[in-house]
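As structure tokens, the structure follows; a few thoughts come after it.
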Amino acid sequence: KQWYQRRVRGSGNWGSAIAKIVGSNTSRYPELFDRQVRMWVFEEEVNGEKLSHIINTTHENVKYLPGIKLPENVIAVPDVVESVNDADILVWVLPHQFVKRICNQIKDGIKPGAVSLSCIKGLQDSSEIALISSLIKEELGTDCSVLMGANIANEVANEEFSEATIGCHDASMCGVYQNLFTTSYFKTTAVKDSETVELCGALKNIVAVAAGFIDGMGLGGNTKAAIIRLGMKEMMQFCKLFSPSSKDTTFFESCGVADLITTCYGGRNRKVSEAFVKTGKSLDVLEAELLGGQKLQGPMTAKEVYHVLKSKDITSSYPLFTSVYEICYKDQAPKHLLDTLSTNL
């Protein structure tokens, strides 16, 4: 069986880093994959030129991943419907708030038997726990696996060693996905506990926001370690609420404790949250100032999780998640986090 790859995403740095890996591996395994990789790029102008044209002529995403060469078989396509034509595998790497809209645009053009893999770290906004992979599956009728892990995009793009976890219900696809994503510098492990893998990818962004608040207050490693400990506890608790069959071993894969640690010391959620405390500016303003068009996921995920907790009347069982929501959306002072830590051992 020969497979064909297409990217469905905005033109972010993580999407470009993933496209670099996939483009390399489709050339490496011609017996498995069609060489051409179509990458959907939300069209915009950079210095008077269309971004898709720049990528296709220079093989570099100069706005979101400057200085990194993409394989020549990665083709930027500004038409999202065209980007999925004849695709057997759809890899999703875009802000989670845009997924439903994109699904509606492409659903009539999906090839029968196509499958999806989501690299999106977020949840649907609902009174129930709703995964992005479930949304993709429901909207498109495709099976949807996930890839999550301790992956700072620029480090992956620079080929610094990283790991990731693939959550895959269909055992027959695990090997295909590992061939598609594994390189000498990007190691993947496949597990069947897909829901836990995906939830970890979303929930760790809430904890990273809290870590950023701690940095903004000028506090040190001991305090941040307490945030990480309590955050990991609430992540495990929340995962088991959603999926009672959730396996403890999954939390020790890259998608779990490793991703939590790296996100609390690097990444956009920590960075913007630190600036939020130091400058007093709103999160929306800081997102525009600091992220260069990328989207902040942590505060929105905190809001989505809070709605679930509130509907079940269990906010008191998740003091860290609740505190992050209240600081982001209810004008609670960041120092409230210290009260949360001191009263929740």
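The values are calculated or read from the model by the stated rules, or taken from the named source; none is laboratory data. For clarity, every value in this text was computed on a predicted model and none was experimentally measured. Note that each Cβ is placed from the backbone with ideal geometry, even for glycine, and that neighbours are counted across all protein chains shown. All accessible areas refer to the heavy atoms of the entire protein, side chains included, with ligands and DNA or RNA removed. Shrake-Rupley method; radii C 1.70, N 1.55, O 1.52, S 1.80 Å.
Observations on the structure shown:
- Residue count, segment 204-230 (criterion: surrounded by fewer than 24 Cβ atoms within 10 Å (Cβ to Cβ) and among the small types (G, A, S)): 6
- Whether a residue is closer than 20 Å to E304 by Cβ and over 15 Å from the mean Cα position of the chain (by Cα) was assessed, and A210 passes this test.
- Residues that are open to solvent by 60 Å² or more (accessible area, probe 1.4 Å) and either under 19 Å from A150 (Cα atoms) or charged (D, E, K, R) (or both), drawn from segment 248-295: D248, T249, F252, I261, Y265, R268, K271, K278, K281, D284, E289, K295
- Index of the failed condition, L51 passing every other in (1) open to solvent by less than 10 Å² (accessible area, probe 1.4 Å); (2) within 21 Å of G167 (Cβ to Cβ): (2)
- Exclusive hit being open to solvent by 30 Å² or more (accessible area, probe 1.4 Å), within 21 Å of C103 (Cα to Cα) and either of a type in the set (S, T, N, Q) or part of a strand (DSSP E or B) (or both), set S134, S145: S134
- Per-region count, segment 304-345, residues β-branched (V, I, T), modelled with pLDDT under 95 and more than 19 Å from N269 (Cβ to Cβ): 2
- Of the residues screened, L117 is not one that is more than 14 Å from the chain's Cα centre (by Cα) and either open to solvent by 30 Å² or more (accessible area, probe 1.4 Å) or under 26 Å from T196 (Cβ atoms) (or both).
- Lone qualifier among Y64, Y29 - being under 26 Å from I106 (Cα atoms), open to solvent by less than 50 Å² (accessible area, probe 1.4 Å) and either touching a His at 6+ places or on another chain (Cβ under 7 Å) or aromatic (F, W, Y) (or both): Y64
- Filtered residue count, segment 67-97, keeping only those that are in contact with a strand residue (DSSP E or B) (Cβ under 9 Å, 6 or more places away or on another chain), charged (D, E, K, R) and open to solvent by 10 Å² or more (accessible area, probe 1.4 Å): 3
- Restricted to segment 294-345, the set of helices (runs of 4 or more DSSP H) holding at least 1 residues that are closer than 25 Å to G201 by Cβ, within 21 Å of the chain's Cα centre (by Cα) and of a type in the set (S, T, Y) comprises 298-311, 319-329.
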